[in-house]
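Report on one structure; see the data block that follows.
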Amino acid sequence: MRLSGVKKQILSILFFVCTAPLASDFGVAMPDQLKGEDATYKFSENESIKDSRIDLNMGDREFNPKENEDEKIFAIPETVEEKVPVPSEKNKLLGAGNATPFVNEKRDSIISFTNKKIHQEIYNKSDSALSLSYLPDDYSVSGRGGAFDRTYNGPGGRRGGFVHFTYDSYLSHWWLNTFYGFGLGLGFSSGEGQFSDSVVEQTGTNFQLFSIPVDLRLGFEIVPSRYFKLHLAGGPSAMGLYQSRDDLPREDDDRYKRQISYGYFAQAKFQINLSALFSSLAFRTYSRSDMSNMFLNIEARTHTYENFQDDISITGSTFGLGLTFEYL
């Protein structure tokens with residue numbers, strides 16, 4: 001009996017020794033099969049255990065030798081939506097399928113179509129307008145025995161005319177626009193002084209006269225079409241006169257004379273919209289600045305000033321040309 005028991009033990013040891021190399025085929029991990037602390041063990045084509053730690057004594061039972069180690073939690077960060085800035089009205093117009101400047105310069109039909117659409121959206125939405133005008137000095141000056149006429153309208157006299165600058169701010173828009181603003185002008189005349197009431201003679205005394213009108217404006221515009229409109233304005237005004245003569249020393253108070261008069265004015269403009277006629281011009285000026293319209297003006301102005309310190313009055317009307325620039 002003892003001999004048979006010993007044989008059984010010997011056979012068991014031989015069986016264990018012979019089958020040990022094939023242990024991996026049965027899913028049992030051997031010490032030399034582990035590379036590092038972590039490994040992946042595949043039991044079938046559809047199953048795998050990742051990052052498992054295998055107990056060599058207990059087969060494929062999973063265990064964690066570092067029981068006190070905090071478990072690492074993996075989370076997908078929350079997606080934060082970027083705030084997209086809201087484009088301005090100008091960028092909407094310029095970016096909504098419109099042609100880039102100069103890209104299609106030879107394709108006039110395409111450019112004029114897109115630019116025309118842009119101008120139709122903005123032509124009557126301006127917030128303000130700047131105007132620059134030239135008006136000849138055709139006004140009538142009376143008083144002081146006709147000395148002014150003999151000096152500035154006689155031989156050698158020159159009346160240079162007026163340059164006017166105006167600013168208007170719009171109150172409302174429709175087919176009838178209303179606005180208010182101010183105006184500033186500068187006129188220049190020169191001539192040889194005449195001191196006799198009836199005889200024109202060479203005195204050798206040169207006179208220079210600066211005229212400065214200042215206006216407060218209130219008016220309206222009639223807008224029957226984007227190609228033209230009628231502009232009417234009027235209000236109180238004042239004019240300052242600054243006169244100098246060269247026959248007296250500079251320290252003499254009579255060499256320079258200053259006086260002022262209040263009065264009123266009225267103005268009319270027939271405005272031709274160059275931006276509507278030339279759509280490429282409208283697009284370029286609008287894309288580079290906030291200019292929405294540019295007008296060529298045919299103007300008329302009348303004014304009256306009769307309250308100067310000297311006995312003179314300046315009245316009458318004149319016609320001229322100008323430009324108006326409207327801005328959003």
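The values are calculated or read from the model by the stated rules, or taken from the named source; none is laboratory data. Since this is a predicted model, take the numbers as computed values, not measurements. Virtual Cβ from ideal backbone geometry, glycine too; neighbours counted across all protein chains shown.
Part of a strand (DSSP E or B), in contact (Cβ under 8 Å) with a residue 24 or more places away in the chain and of a type in the set (A, V, I, L, M, F, W, C): is that true of residue 295 in this structure? Walk me through it before giving the result.
Values: part of a strand (DSSP E or B): yes; in contact (Cβ under 8 Å) with a residue 24 or more places away in the chain: yes; of a type in the set (A, V, I, L, M, F, W, C): yes.
So residue 295 fits the description; yes.
Within region 277-317, the set of residues being closer than 22 Å to residue 147 by Cβ and among the β-branched types (Val, Ile, Thr) comprises 304, 312, 314, 315. Might you let me know whether region 208-215 holds any residue that is more than 16 Å from residue 260 (Cα to Cα) and either surrounded by fewer than 16 Cβ atoms within 10 Å (Cβ to Cβ) or at pLDDT below 95 (or both)? Yes, region 208-215 has at least one match.
Taking the conditions (1) among the polar types (S, T, N, Q); (2) modelled with pLDDT under 85; (3) surrounded by fewer than 20 Cβ atoms within 10 Å (Cβ to Cβ) in turn, residue 244 satisfies each one other than (2).
When residue 321 is tested against (1) surrounded by 20 or more Cβ atoms within 10 Å (Cβ to Cβ); (2) in contact (Cβ under 8 Å) with a residue 60 or more places away in the chain, exactly one condition is not met: (1).
Criterion first (on the phi > 0 side of the Ramachandran plot, assigned by TED's automatic domain parsing to the domain that holds residue 134 and not hydroxyl-bearing (Ser, Thr, Tyr)) does residue 240 satisfy it?
Considered against the rule, which asks whether it is on the phi > 0 side of the Ramachandran plot, assigned by TED's automatic domain parsing to the domain that holds residue 134 and not hydroxyl-bearing (Ser, Thr, Tyr), residue 240 comes out as no.
Inspect all residues belonging to region 286-296 and state whether any of them is surrounded by 15 or more Cβ atoms within 10 Å (Cβ to Cβ) and at pLDDT 95 or above. Yes, because at least one residue in region 286-296 is surrounded by 15 or more Cβ atoms within 10 Å (Cβ to Cβ) and at pLDDT 95 or above. Is it fair to say residue 277 is modelled with pLDDT of 90 or more and surrounded by fewer than 20 Cβ atoms within 10 Å (Cβ to Cβ)? Spelling it out, it is not the case that residue 277 is modelled with pLDDT of 90 or more and surrounded by fewer than 20 Cβ atoms within 10 Å (Cβ to Cβ).
Filtered by the rule that a residue be over 18 Å from residue 210 (Cα atoms) and assigned to a strand (DSSP E or B), region 144-174 gives 166, 167, 168, 169, 170, 171, 172. The one condition from (1) surrounded by 15 or more Cβ atoms within 10 Å (Cβ to Cβ); (2) modelled with pLDDT of 90 or more that residue 151 does not meet is (2). Within region 254-277, the only residue that satisfies the criterion of being among the hydroxyl-bearing types (Ser, Thr, Tyr) and more than 22 Å from residue 313 (Cβ to Cβ) is 275.
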